[in-house]
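First up is the structure itself, then whatever we jot down about it.
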Amino acid sequence: MNSRWGAALAISVLSLSGLVAGTAPASAGPPVVSCSFTPTAPDNAAARPVVSPPPVALAVGTMDVTFQFNYGPVTVRLNRAGAAPCAAQNMASLVLQRFYDQSQCWRLTDSARLGVLQCGDIYEVEKGGPGYQFPDEVDGTETYERGTVAMGNQGPGTNGSEFFIVHSFAHIPANYSVLGQVVSGMDVLDRIVAAGITPTERGERDGLPAQPVVIDNARLG
């Protein structure tokens, strides 16, 4: 089987068979939501060959993803029962297809307004997505405390592979879909911040990490 379609099939089975924590009773059937993944090629083709997730996502339970950074592991608990089940499914799909493996995190901020590590872009900041996009999943009540993991975007409805992890706080509008929370590895984020930031036109504390930050691999669990 083609590895890309094999990964897509794995996601389909994972999404629709209820193999996550806290699923609803079989007699009722698990709650699901519809998702819309729209191709962006040829203007914004996939940086790495992947297929988009299935158009239906579970809206119950959680799923853990561990990002093995060159600084150490960070485990994120995706909340399928939260406001962004399609975004959670999308991240799981990209992890299964190894999209994030050997990718660099291109932006680190540590200002009074924004303290995040931004990853998921293959080429540079906001360049190098999966070749599709999907709508925001926000209700206006989102907050971005330390440990929050959320989708990055370049405007409404432009979600793809980019995400950020809040290492301190983020005083930003509720425009970014919240995927879940870091459940272990915040010390890794603290070490990344302590290593410093290379200043850019965005500011002294908004630029490339002073030392490269690389996702060596990402896996479910």
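What follows is calculated from the coordinates using simple rules that are stated; it is not laboratory data. Worth saying up front: this structure is predicted, and the values here are computed from it rather than measured. Here the Cβ positions follow ideal geometry from the backbone for every residue, glycine too, while neighbour counts run over all protein chains shown.
Structure notes:
- The chain: relative contact order as a whole-number percent, Cα under 8 Å and 6+ apart: 24 percent
- Volume per residue of the C-alpha convex hull in the chain, rounded to whole Å³: 114 Å³
- Relative to one another, the C-alpha centroids of region 181-211 and region 54-105 are positioned 21 Å apart.
- Using the Stokes-Einstein relation with a Kirkwood hydrodynamic radius computed over Cα pairs, the translational diffusion coefficient of region 149-194 at 20 °C and a viscosity of 1.002 mPa s comes to 182 µm²/s.
- Compared with the direct C-alpha span, the chain from Val183 to Leu220 gains 12.0 nm at full extension, assuming 0.36 nm per residue.
- Modelled this way, with points 7 Å down the Cα-to-C-beta line, the labels at Val56 and Ala41 are 2.6 nm from one another.
- Here the dipole of the chain is about 460 debye; that uses its Cα centre as origin and unit charges on the Cβ of Lys and Arg (positive) and Asp and Glu (negative).
- A Förster distance of 35 Å, applied to the separation of the beta-carbon atoms of Ala195 and Ala174, puts the FRET efficiency at 0.70.
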